[in-house]
Amino acid sequence: KHNGNISLDDVIEIAKVMKPRSMAKELGGTVKEILGTCVSVGCTVDGKDPKDLQQEIDDGDVEIPLE
């Protein structure tokens, strides 16, 4: 497993690159796909568990830009 940490800004930038290949309607959905990959490889995002961040996005606690 990976033990690194990346920033949410990095995840958003990755999502922008991957958006054309994603089935998600909005960038937030693509961000959540990337967070799922973070879970799979075992890295954290801004020191948090990516699953927690996915829930915060669903709850509206974390804002993801539309584009």
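Just so it is clear, none of the values below were taken in a lab; they were calculated from the coordinates. Predicted model only: the values in this text are computed from it and were never measured.
Taking the stretch 1-46, which residues are of a type in the set (Gly, Ala, Ser), over 12 Å from Leu66 (Cα atoms) and not in a loop (DSSP other than H, G, I, E, B)?
Gly36, Ser40
Just to be sure I understand, how many residues within the stretch 1-44 are hydrophobic (A, V, I, L, M, F, W, C) and more than 8 Å from the chain's Cα centre (by Cα)?
10
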